[in-house]
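The structure under discussion appears below in the form of structure tokens.
No value in this document is a laboratory result; all are computed from the given coordinates. Keep in mind that this is a model prediction, so the values were computed, not measured. Here the Cβ positions follow ideal geometry from the backbone for every residue, glycine too, while neighbour counts run over all protein chains shown.
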Amino acid sequence: MIPLSQSMLSGIELGSKGAKRDHAEAIDRALNTSGKLTRLWDSLNSGPAHPDWFQDVLTLERRAVEIREYQMAVLPGLLQTEAYARSLIRPAQPWATLAKVEELVRARISRRELLSSVERPLVWFVVDQVAIDRISGGPAVMKEQMSYLLELIDDCVIRFQIVPQELSLHPGLAGPFRIMSFDDRPTMVYTEHALGGLLLDHNKEVRQCAAIFSALQSEALSPGDSASFIRKRREQL
């Protein structure tokens with residue numbers, strides 16, 4: 001039997017409560033998992049906010065002159081408010097302490113400085129409607145997130161399009177990706193998966209992702225209609 005209350009276990013699973021190291025140790029003993037959860041806890045709660053492999057992505061992100069990104073389920077990290085980011089990070093990191101969660105939130109929010117820099121890149125996002133409809137963190141959090149998104153759109157900081165729900169089948173269903181173009185090096189693609197991500201620079205793969213992004217743009221709502229959709233959803237909250 002796991003020596004934790006049901007409410008504590010549920011809270012850890014949902015991300016509403018931070019797990020302590022002795023929680024991981026207790027569950028390891030109960031499940032006879034040879035310390036796997038304790039090692040996972042140690043891994044999640046030590047070291048930098050961003051793993052080494054993602055540091056390369058961040059460096060490229062800051063050097064890019066153009067970024068094109070497609071997301072399926074959530075809004076892109078570059079566009080997230082603090083509360084929205086926290087609502088996503090906590091359930092995704094159930095073994096992280098609350099202090100570690102806050103460190104991850106700060107690290108993600110710091111990326112937004114790119115959008116306010118003098119030489120910011122041209123940034124174009126295509127996002128599935130589900131990312132707008134999902135009430136992450138509750139109505140107040142989502143309303144603030146939508147207001148921030150509209151501010152970026154209205155100030156022409158970003159270009160933003162929504163793939164409508166009616167478009168049940170489209171080229172982006174294979175997964176999210178980001179295309180980064182540079183003045184001094186070949187274009188690169190970053191793709192995400194459950195355990196991390198992958199940087200690609202082969203011409204064929206880059207061309208394929210560029211073609212998918214162009215197809216998504218052509219099938220998505222126009223930037224103007226996308227902004228109107230967000231305003232309507234915000235009013236409904």
remark   = Rounded to whole angstrom, the alpha-carbon centroid of the range 60-130 lies from that of the range 183-237 at a distance of 14 Å
Gyration tensor verdict on the range 117-237 (Cα atoms; rounded if a/c is under 1.5, prolate if a/b is larger than b/c, oblate otherwise) = prolate
note = Here, LEU122 and GLN165, labelled 7 Å along Cα→Cβ, have an inter-label distance in nm of 3.3 nm
task = Using packing as a proxy for protection, rank 150-156, 125-131 so that the peptide with the highest average count of other Cβ atoms within 10 Å comes first.
result = 125-131, 150-156
task = Please label the shape of the range 54-200 as rounded, prolate or oblate, based on the square roots a ≥ b ≥ c of the eigenvalues of the alpha-carbon gyration tensor (a/c under 1.5 means rounded; beyond that, a/b larger than b/c means prolate, else oblate).
result = rounded
ask   = When only Cα pairs under 8 Å and 6 or more residues apart are kept, what is the percent relative contact order across the range 96-197?
value = 22 percent
message = Given points 7 Å out from each Cα along the Cα-Cβ axis, report the GLU235 to GLN208 separation in nanometres with one decimal.
response = 4.3 nm
Segment SER228-ALA174, extension gain: residue separation times 0.36 nm, minus the distance between their alpha carbons = 16.7 nm
ask   = Which of the aspartates and glutamates could a cross-linker bridge to LYS143, judged by Cα under 15 Å and excluding same-chain residues fewer than eight apart?
value = GLU82, ASP133, GLU151, GLU235
task = Order the peptides 112-118, 78-84, 91-97 from the highest to the lowest mean number of other Cβ atoms within 10 Å of their residues.
result = 78-84, 91-97, 112-118
task = Find how much the distance from ARG106 to ASP56 grows on full extension, using 0.36 nm per residue of separation minus their present alpha carbon separation; answer in nm with one decimal.
result = 16.2 nm
